[in-house]
1. Of the numbered conditions (1) within 26 Å of Leu64 (Cα to Cα); (2) surrounded by fewer than 16 Cβ atoms within 10 Å (Cβ to Cβ); (3) modelled with pLDDT under 80, Ser129 fails exactly one; give the number of that condition.
2. Scan the range 75-85 for residues that are at pLDDT below 90 and either in a loop (DSSP other than H, G, I, E, B) or of a type outside the set (Val, Ile, Thr) (or both) and report the count.
3. Scan (1) polar (S, T, N, Q); (2) in a strand (DSSP E or B); (3) open to solvent by 30 Å² or more (accessible area, probe 1.4 Å) for the single condition Thr62 breaks and write down its number.
4. Being part of a loop (DSSP other than H, G, I, E, B), in contact (Cβ under 8 Å) with a residue 24 or more places away in the chain and crowded, with 19+ Cβ neighbours inside 10 Å narrows it down to one of Leu49, Leu21, Leu55, Leu5, so name that one.
5. Identify, by number, the condition in (1) of a type outside the set (Val, Ile, Thr); (2) assigned to a strand (DSSP E or B); (3) at pLDDT 85 or above that Arg163 doesn't meet.
6. Quick one: is Val30 in the same structural domain as Gln11 (by the TED database), at pLDDT 95 or above, part of a strand (DSSP E or B) and more than 19 Å from the chain's Cα centre (by Cα)?
Amino acid sequence: MATILIAEDEQNISRFIDKGLRTAGYGTAVVTDGLSAVDHAGSGGYDLLVLDVGLPRMDGFTVLKALRNMGNPIPIIMCTARDSVDDTINGLDSGADDYLVKPFRFEELLARIRTRLRPPLSAGVQTPSTITHGLIELDPVNRSVRKAGREIELSAREFSMLREFLDHPNQVLTREQLLSRVWGFDFHSASNVVDVYVRYLRGKLGAEVIQTVRGVGYRLGSN
């Protein structure tokens with residue numbers, strides 16, 4: 001049975017999540033401030049962290065960065081009342097695995113927890129070798145990218161998005177497909193997070209690398 005750490009200072013919300021997870025068969029523990037969240041998550045006794053952004057003593061973004069800087073790989077689902085794209089990108093780029101905006105349905109949180117606790121692919125599955133497209137080389141094992149032999153530093157989400165384009169070199173990918181495949185969940189339909197990350201990739205790899213297919217989405221271009 002997986003054990004989930006809940007870092008939430010609002011009693012009504014923490015009780016709601018705690019009761020629901022216990023009913024679903026998970027073990028739980030609740031902390032109400034950021035320092036306690038770092039201490040408990042750092043103990044290695046938990047399989048996933050549900051992390052509120054607005055915690056006292058240390059906010060959720062700082063907790064997230066502290067755990068990732070410690071090399072702690074615990075899956076983290078962030079919960080916040082703030083729904084701006086900048087906050088979402090900040091959380092995901094800092095190492096969060098998922099992001100929920102309050103208020104949310106418990107069933108949605110439960111589905112995302114199941115996804116993050118899903119066992120990895122078996123050891124028998126072969127990891128692909130370096131993927132190339134024109135001047136771009138992507139190494140999935142070392143998570144590195146080069147263009148014309150020069151290493152390009154990408155964030156985790158930029159890397160995942162580029163990988164998605166390289167895996168489908170002749171296909172137009174819609175924004176909805178990219179949201180589902182790269183982030184693993186849906187943003188609000190008005191979100192422009194895909195466009196933001198396409199702009200990031202173009203800035204680092206060249207404007208020609210990703211083509212806009214007007215009214216449809218994006219496609220890998222020449223480079």
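1. Condition (1) is where Ser129 drops out.
2. 6
3. (2)
4. Among Leu49, Leu21, Leu55, Leu5, only Leu55 is part of a loop (DSSP other than H, G, I, E, B), in contact (Cβ under 8 Å) with a residue 24 or more places away in the chain and crowded, with 19+ Cβ neighbours inside 10 Å.
5. (2)
6. So Val30 passes the test.
The values are calculated or read from the model by the stated rules, or taken from the named source; none is laboratory data. All figures in this text were calculated on a predicted structure; none of them were measured in a lab. No Cβ is skipped: glycine too gets one built from the backbone with ideal geometry, and neighbour counts run over all protein chains shown. Ligands, DNA and RNA are stripped out before the accessible areas are found, and what is left, the full protein with its side chains, is counted by its heavy atoms. Shrake-Rupley method; radii C 1.70, N 1.55, O 1.52, S 1.80 Å.
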